[in-house]
1. State, to one decimal in nm, how far the label point of A:Phe109 lies from the label point of A:Ala181, with both points 7 Å from Cα in the Cβ direction.
2. By how many nm would the segment from A:Leu145 to A:Ala65 grow when fully extended, if each residue of separation counts as 0.36 nm and the alpha-carbon distance is taken off?
3. Give me the inter-chain shielding for A:155-164: mean count of other chain Cβ atoms within 10 Å, whole number please.
4. Tell me the accessible surface of B:Asp118 in square angstrom (1.4 angstrom probe, heavy atoms of protein chains only), to the nearest ten.
5. Based on the alpha-carbon gyration tensor of chain B and its eigenvalue square roots a ≥ b ≥ c, which shape applies: rounded if a/c is under 1.5, prolate if not and a/b is larger than b/c, or oblate?
6. Considering segment A:1-55, what Rg and Dmax in Å follow from its alpha-carbon atoms?
7. Can you compute the charge dipole magnitude of segment B:56-113 about its Cα centre, using +1 on each Lys and Arg Cβ and -1 on each Asp and Glu Cβ, nothing else charged? Give it in debye, rounded to the nearest 20.
8. Quick check on chain B: of the DSSP beta bridges with both residues there, what percent are antiparallel, nearest 5%?
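The values are calculated or read from the model by the stated rules, or taken from the named source; none is laboratory data. Every value quoted in this text rests on a predicted model; they were computed, and no experiment measured them. Don't worry about glycine lacking a Cβ; one is built from the backbone with ideal geometry, like all the others, and counts go over all protein chains shown. Accessible surface areas use protein heavy atoms only, side chains included; no ligands, DNA or RNA. Shrake-Rupley method; radii C 1.70, N 1.55, O 1.52, S 1.80 Å.
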Amino acid sequence: MAEMSKILVIDDEKRMCDSIKVLLSNIGYEVDTAENGRTGIERLKSEHYGLVITDLMMPELDGFAVMKYIKENCSNTLIIVITGYASVESAVRAIRSGAYDYILKPFDFEIIKISVERAWDKLKLEQELEKTRKLAQVAERAITLNNELNSPLSVTSGFAQLLQMRLGENSDETVKRQVNAIVKASESMHQMTSQFQRFARNLLNESPEPSLGMF
Amino acid sequence: MADKRYVLIVDDNEDVRQLFYDIVELSGFTPRAVGSGVAALQQLKTTPFDLVILDMRMPDLNGLDTFKAIRQFNSSVPVVLTTGFGMDKSVQEALSMGALLCIEKPFNVARTMKTIQDIVEKESPKK
């Protein structure tokens, strides 16, 4: 969970920043703060945050500029905006442009806590989904590679079997033993790749292709 | 040699092609091997083959399409499929359209030789 472990709070009111930081730190979140949009973006450039809580009204760069930066550069970061009761429309605008949630000032800490927890759950879920997607990709690639392996495997095994046939009764025992070993090894390789194939298909909830099992 | 029987091998993998070439030769027939479906169609238009051994996974023209194209001008030549990818949909479709059977790679050489011999003797007995 290293990627989503941190929260960045951006607010030009230092007291607000500090109190949110203390409150969220107390319930186990790692929190950084920035006093305006510009320093907020600087922090975002140097570190990954799973969640950014930003005030909308700030001098220099405001919350919308921060949101724009996040949308363009940190696609997995969720945003919660904070705004005064007087400017509900800006909260609506923020949600429309992609904020995950908004909090109206003045607020009860419980509200922030709930909002942050919901955002965190969503981040966790997205990470799990991403993991599952990657796993499925690996399994699919493994199935293809396993299938492709069957061609070279049929070459080693096939020629070794042909050699076996050509080695008559009077052939060198050592050569016979060596050729037999290649045939046997090819068979066990095939058994291993088939086993792995079943495992990968199981992982993808795919039923195995019916097989005649020539070996 | 009027009673020579020809077997066409179609596989994009050169070594697999050579393997089937040797197996067909050892089975007592005359092999011809090509690396693509298009080359196979050209061969089939000029030579009367007694059996086609056709790989299902090939770039450009795949095994199923090659099989369908063969059937458009030759309804009788026996076709045996080969695959490293299990009995997937394309194999099943080709089998339902009259391909005789599918050999899954890797395979047992003795059994494959027997299969090839049985098919050639049965489907095109010596005249």
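1. Going from the A:Phe109 label point to the A:Ala181 one covers 7.2 nm.
2. My answer for the length gained is 24.1 nm.
3. 6
4. 80
5. rounded
6. 10.4, 30
7. Magnitude of the dipole: close to 120 debye.
8. 0
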